[in-house]
Amino acid sequence: MTQENLGKPGNTGVKRIIKATGYSIQGLKAAFKHEAAVRQESALLLAAIVLVCWLDVTVLERIAMLAVVVLVLIVELLNSAIEAVVDRIGVERHELSGRAKDIGSAAVLVALTFAGFTWLYIIGSYHWW
């Protein structure tokens, strides 16, 4: 077997990028359709975009404020993927399945807490201290 045959078979180059982009768009559509949290956090992102345009903060602060909200959405997408895989495996209760879902949920909580802290710290630095 040659070195080229050891990798995954399939498309390469631009064709692979185009197909991967299509799969990513399908994933975003599925998450938006089936996950209320993804819809809520997408709305939060839209509100954050509007708000940071209105706030009198620096460009880097705007980027940080939006980045932490995007991070929440990214973590939620990963959590939703974990939940989908666990649900696919079986509906019976299992300690490891519950642990996987709880850890994914905890990751979302940590991201949300970090986002809240970042927003409060930046806004607070202008208005409260």
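What number of residues within the range 9-34 satisfy the criterion of being over 20 Å from Ser105 (Cβ atoms), within 14 Å of the chain's Cα centre (by Cα) and open to solvent by 90 Å² or more (accessible area, probe 1.4 Å)?
Going residue by residue through the range 9-34, those that are over 20 Å from Ser105 (Cβ atoms) are 9-26, 28-29, 33.
From the residues that got through so far, the ones that are within 14 Å of the chain's Cα centre (by Cα) too are 24-25, 28-29.
Filter once more, so that each one left must be open to solvent by 90 Å² or more (accessible area, probe 1.4 Å): 28-29.
Qualifying residue count, the range 9-34: 2.
Checking the conditions here, which among Ala37, Ala43, Ala31 is touching a residue at least 60 places away in the same chain (Cβ under 8 Å), of a type outside the set (Ser, Thr, Tyr) and within 30 Å of Arg99 (Cα to Cα)? Going through Ala37, Ala43, Ala31 in turn, the sole match is Ala37.
So which of Tyr126, Tyr121 ends up being open to solvent by 90 Å² or more (accessible area, probe 1.4 Å) and either in contact (Cβ under 8 Å) with a residue 40 or more places away in the chain or touching a helix residue (DSSP H, G or I) at 6+ places or on another chain (Cβ under 9 Å) (or both)? Break it down into steps so the answer makes sense when it comes.
On the way: Tyr121 fails: either in contact (Cβ under 8 Å) with a residue 40 or more places away in the chain or touching a helix residue (DSSP H, G or I) at 6+ places or on another chain (Cβ under 9 Å) (or both).
Within the list Tyr126, Tyr121, the selection yields Tyr126.
Based on this model, can you work out whether Ile82 counts as touching a Gly at 6+ places or on another chain (Cβ under 6 Å) and either among the hydrophobic types (A, V, I, L, M, F, W, C) or exposed (fewer than 11 other Cβ atoms within 10 Å of the Cβ) (or both)? Here the answer is yes, as Ile82 does meet what is asked.
Restricting attention to the range 94-108, report how many residues are exposed (fewer than 11 other Cβ atoms within 10 Å of the Cβ) and either of a type outside the set (A, V, I, L, M) or within 12 Å of the chain's Cα centre (by Cα) (or both). Within the range 94-108, residues that are exposed (fewer than 11 other Cβ atoms within 10 Å of the Cβ) and either of a type outside the set (A, V, I, L, M) or within 12 Å of the chain's Cα centre (by Cα) (or both) number 2.
Residue pairs whose Cβ atoms lie under 9 Å apart, separated by 6 or more positions or on different chains, with the first residue in the range 13-28 and under 21 Å from Ile74 (Cα atoms) and the second part of a helix (DSSP H, G or I), are Gly27/Leu77; Gly27/Ala81; Leu28/Val38; Leu28/Leu77.
Looking for whichever is modelled with pLDDT of 95 or more, open to solvent by 50 Å² or more (accessible area, probe 1.4 Å), closer than 16 Å to Ala115 by Cα and among the aliphatic types (A, V, I, L, M) here; the options are Ala64, Ala47, Ala37. Which one fits?
On the way: Ala64 fails: open to solvent by 50 Å² or more (accessible area, probe 1.4 Å); Ala37 fails: open to solvent by 50 Å² or more (accessible area, probe 1.4 Å).
The match here is Ala47.
Of all the numbered requirements in (1) surrounded by fewer than 17 Cβ atoms within 10 Å (Cβ to Cβ); (2) at pLDDT 95 or above, Val91 misses one, and that requirement is (2).
The values are calculated or read from the model by the stated rules, or taken from the named source; none is laboratory data. Quick caveat: nothing in here was measured; it's all calculated off a predicted structure. Cβ atoms come from the backbone with ideal geometry, glycine included; neighbour counts cover every protein chain shown. Each accessible area value is taken on the protein alone, full model and side chains, heavy atoms only, with ligands, DNA and RNA left out. Shrake-Rupley method; radii C 1.70, N 1.55, O 1.52, S 1.80 Å.
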